[in-house]
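The values are calculated or read from the model by the stated rules, or taken from the named source; none is laboratory data. Everything numeric here is computed off the predicted structure, so don't read it as measured data. Note: ideal-geometry Cβ built from the backbone for every residue, glycine included; neighbour counts use all protein chains shown. These accessible areas exclude ligands, DNA and RNA; they are computed on the full protein's heavy atoms, side chains included. Shrake-Rupley method; radii C 1.70, N 1.55, O 1.52, S 1.80 Å.
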Amino acid sequence: MTDVRTFLLPDLGEGLTEAEVVAWHVAPGDNIELNQTLVEVETEKAVVELPSPFAGTVVELFAAGGDTVEVGSPLISIETADVAVVPEDAAAPSAEKVSVLVGYGPSEPAPSRRRRRGGGRTRHDRPERPLASPSTEQPGTPGPAGSRPLAAPPVRFMARQQGVDLADVTGHGPGGIITREDLAAHLASDTSPTETGRETRSPVKGVQKHMADAMVRSATTAPQACVFLTVDVTPTSELLERLRTNRRFEGVKLTMLTVAARAVVLALRDHPALNSSWDEAANEIVTKHYLNLGIAVAGPRGLVVPNVKDAHELAFRDLATALETLTEHARAARSTPADLSGGTITITNVGVFGVDAGVPLLNPGEAAILAFGAIQRRPWEHEGQVALRDVVTLSLAFDHRLVDGEGASRFLRTVGEILADPANLIAFS
């Protein structure tokens, strides 16, 4: 006995109400397994792979690549064979099933899905059209008029960087999807200019739109101030060199930022106000007894800030591993909504761009953000002599509603003391 079940777009967290279909991994007629990846969708924060809650055969895809789908709307229907036998005296099942995705919970009744651009028809009032299977569709087969070309996010990013309209590129991947090789071939053969005027207008969407909205909220809702401290971190540089040769840290990436992250964790024990938030609706200050340490990362879609959950509970080696994993996922555009939500304080490493210091903007809902500048070999007073030392400038931006200048300065000074003498990693523990 078989049954056709419909999988709805689940709630992906953080109040996100919709997602854009990036690429399907299955097609009608495919046999799929439980938890097999069905589709990649892009929210304002990240690209997310959705696993199948059912095993069976794909019947229909309800959205094409480039469509924007609202949470609770149908994504895919799957014919399953594992249907439980219902006793005769049991209540009759409802006509519409509620699909449940592990980790997301049951879906609400599906609202009508809207098209990516305003004014489009819903699936219920437009003519039915089959979605071609990747196994049968010929390379370069054009989609329906007005549809968005199929391409993975890195390919779209590369196209934007090169000023290429993907509608002009022929795709040779499964189902006509445009690959990196297709784009490279187009660039090699295309001699026409990429700019037709004196300016270029680009739509603001996805991660960039979320970042822009967050920074506007930050600048307009929190009165922000900033303090600076320049520190001789030579002893920490020497410690890191020794740790990199220690077999217990084999395979672990250790950097000055790793020590700075641990320093922030330790400093917050004496300065908890830096780990708080302002609740405007309740007119309350919320002091967190946990620490989700955010790390700003320049990803392929813009700036993202994944965070290490409960960083205060991690040993130094575990913290280093968690930071490495988070940054790798962010640079590969694989951060999950859970990675990007719930941060309580942030570190941003502006030094990787070769600048001495910066004045960062707060993440909304956080009390402080620490900017780490470039480490420079500079003449510095050391034990009564002038010597070349490793020197770095730290800058701390803070919400003046939550922290005054004294509290922010003392916190920054504590972080600086740990970096100047890493023996304080033990003393402050």
Cα gyration tensor of segment 260-320, axes a ≥ b ≥ c as square roots of the eigenvalues: rounded (a/c below 1.5), prolate (a/b > b/c) or oblate?
oblate
Once H382 and A298 are pulled to full extension, the length gained, defined as 0.36 nm per residue separation minus their Cα-Cα distance, is 26.7 nm
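Would you calculate the volume per residue, in Å³, of the smallest convex hull containing every Cα atom of segment 22-63? If you can, show how the numbers build up before the last one.
Working: hull volume 2.8 nm³, N = 42.
Looking at segment 22-63, the number lands at 66 Å³ per residue.
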Per residue value of the accessible surface for segment 289-429 (all protein chains in place, 1.4 Å probe), Å²
44 Å²
Let me know the charge dipole size of segment 263-407 about its Cα centre in debye, to the nearest 20, where only the beta-carbon of Lys, Arg (+1) and Asp, Glu (-1) is charged.
540 debye
Enumerate the residues in segment 246-265 having an amide nitrogen under 18 Å from the point lying 7 Å beyond the Cα of D421 toward its Cβ.
260, 263-264
Column: log10 I(q)/I(0), Debye, Cα scatterers of segment 159-308, q = 0.11, 0.14 Å⁻¹:
-0.81, -0.99
How far apart, in nm, are two points set 7 Å out from the Cα along the Cα-to-Cβ line at N35 and at F157?
2.8 nm
Once you put a point 7 Å from the Cα of R198 and another 7 Å from the Cα of E79, both along the Cβ direction, what distance in nm separates them?
6.2 nm
Give the accessible surface of segment 28-75 per residue, rounded to a whole number of Å², with probe radius 1.4 Å and ligands, DNA and RNA excluded.
32 Å²
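How much of the accessible area of segment 313-377, probe 1.4 Å, is carbon plus sulfur, in whole percent? Don't jump to the answer; show the numbers that get you there.
Working: 1520 of 2790 Å².
Roughly 54 percent of what the probe reaches on segment 313-377 is carbon or sulfur.
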With no solvent and one equal point scatterer per Cα, compute the Debye intensity ratio I(q)/I(0) for segment 329-429 at 0.11, 0.13, 0.16 Å⁻¹ and report its log10, rounded to two decimals.
-0.45, -0.62, -0.90
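List the chymotrypsin sites (Phe, Trp or Tyr not before Pro) within segment 225-306 that DSSP assigns to loop and that have no more than 12 neighbouring Cβ atoms inside 10 Å.
Working: sites: F228, F249, W278, Y290; in loops: Y290.
Sites meeting the loop and neighbour criteria: Y290.
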